Structures are given as structure tokens and as C-alpha cells.
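Colleague: Handing you a structure now.
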Amino acid sequence: PTLIKWLTIPSYHDAYQVVGLLAWKQILFGFIIFSTLGIYKKEKTSMIAVASGLAAVINVILQYILVPRYAGMGAALAIAITFLAWNLITLRLSHKLWPINYPWMILFSQLSFGIFSTGILIMFFKNGLGVWETSLFAVFSSAILLGTAIPFHHFRTWYKNNVYSKKE
């Protein structure tokens, strides 16, 4: 919300809710790279078209249901849900071709924490908390998400290779 106020004219300040939902679309679009690894590895890229077609059908249905009732928020929500569905579809297809043992609990926990944090930030904004408090919470939330993104044994290996090797 604060960035919207800084970067736009006052008539656009209420757009922060729609922009927030559309930001989730961008995050999910970035994850599509990982969810299609098996499809690319096995050179079955036509399956991406199938997944995209299914996601498009889901989007049309959601737009038909949500836009008349919720207008712009409904459209943004439909897009976010569509990108989530697209990821899940491609992940399922990709996993059948080339299984990857993703840390599902970590991924689900991060997604849940991200949604929760977004809700808290919106509540902060609506209740008039200052920029510093909101920024502090955003940095804290980001640190938790980044800290849980890397399994601890990878950090331990990096630490051993970089810290202990320099002492010798």
C-alpha cells in the first residue's frame, strides 16, 4: 500500500488490494520454471500447452463467476487462482515424467506464511500503522521466508566450506 501511495496519484491509492493479488500472480509465474523441469527434461513441451489450455479454461470459469460480483478484485483473484492451478497442473504432469522430491511441507508452509503475512500487512495499512512498523514486519516476514527456503543442511555445508576452509 505504501508503494502505491508513493508511486501513484491519489485516485489510484485504493488499487493496493488488486495490486497485491496480482503480485501473487507474478510469484506463481516465477515458480512455473521449477514446476516444468520434468517436462523440459523429457522434452515433452507439448504438455505445457495442455496445462496452459486447462489453466485458460479455469480462468474463464473463474472470471465468469467472480468478476460480476467482485469487479476488479474478482478479476485479480481469478488470475491468482489460475496461476496457482497452472502451477499445480504442470507440477503434476512434470512429476509423472521426471519425479523430483520437492520439500512439500516447506513449500506449503511458505505459501501459507506468505498469504498470512500479506493479510497482516493489509491490516496494518487499514489500521493506520506507520511505514516503519509495516516495513519492519515486511523485512521480518521476508527473512523467515528466505530462511526456510534453504534446507539447513545446505547452509551447514556452505558454512563448513566457506568458514572452516579459510581458517586452515
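The values are calculated or read from the model by the stated rules, or taken from the named source; none is laboratory data. None of the values given here were measured: they were computed from a predicted structure. Cβ placement follows ideal geometry from the backbone for every residue including glycine, while neighbour counts extend to all protein chains displayed. Only protein heavy atoms, including side chains, enter the accessible area calculation; ligands, DNA and RNA are left aside. Shrake-Rupley method; radii C 1.70, N 1.55, O 1.52, S 1.80 Å.
Colleague: All but one of (1) within 30 Å of LYS126 (Cα to Cα); (2) exposed (fewer than 13 other Cβ atoms within 10 Å of the Cβ) hold for LEU22, so report the exception by its number.
Modeller: (2)
Colleague: Please verify whether the stretch 24-33 includes one or more residues that are at pLDDT below 95 and touching a Pro at 6+ places or on another chain (Cβ under 8 Å).
Modeller: No, because not a single residue in the stretch 24-33 is at pLDDT below 95 and touching a Pro at 6+ places or on another chain (Cβ under 8 Å).
Colleague: Quick check, is GLY128 within 29 Å of LEU3 (Cα to Cα) and open to solvent by 50 Å² or more (accessible area, probe 1.4 Å)?
Modeller: It is true that GLY128 is within 29 Å of LEU3 (Cα to Cα) and open to solvent by 50 Å² or more (accessible area, probe 1.4 Å).
Colleague: Mind checking which residues of the stretch 25-44 are farther than 24 Å from SER112 by Cα and open to solvent by less than 70 Å² (accessible area, probe 1.4 Å)?
Modeller: Across the stretch 25-44, the qualifying residues are GLY38, ILE39.
Colleague: Let me ask something else about it. Go through the stretch 82-120 and count every residue that is within 25 Å of TYR64 (Cβ to Cβ), of a type outside the set (S, T, N, Q) and more than 15 Å from the chain's Cα centre (by Cα).
Modeller: Total satisfying the criteria: 2.
Colleague: Working carefully through the options ALA71, ALA75, find the one that is at pLDDT 80 or above and loosely packed, with under 12 Cβ neighbours inside 10 Å.
Modeller: Just a single option satisfies the conditions, and that option is ALA71.
Colleague: To continue, here is another question. I'd like to check something: does the stretch 61-79 contain any residue that is free of Cβ contacts under 8 Å to residues at least 60 places away in the same chain, farther than 30 Å from ILE120 by Cα and under 19 Å from the mean Cα position of the chain (by Cα)?
Modeller: No, the stretch 61-79 has no match at all.
Colleague: Follow-up. With the structure loaded, tell me whether LEU136 is over 17 Å from the mean Cα position of the chain (by Cα), crowded, with 16+ Cβ neighbours inside 10 Å, at pLDDT 80 or above and aliphatic (A, V, I, L, M) or whether it fails that test.
Modeller: Judged against the criteria, LEU136 is not a match.
Colleague: Which of the numbered conditions does ARG92 fail, given that it passes all the others? Conditions: (1) surrounded by 14 or more Cβ atoms within 10 Å (Cβ to Cβ); (2) at pLDDT below 95.
Modeller: Answer for ARG92: the failing condition is (1).
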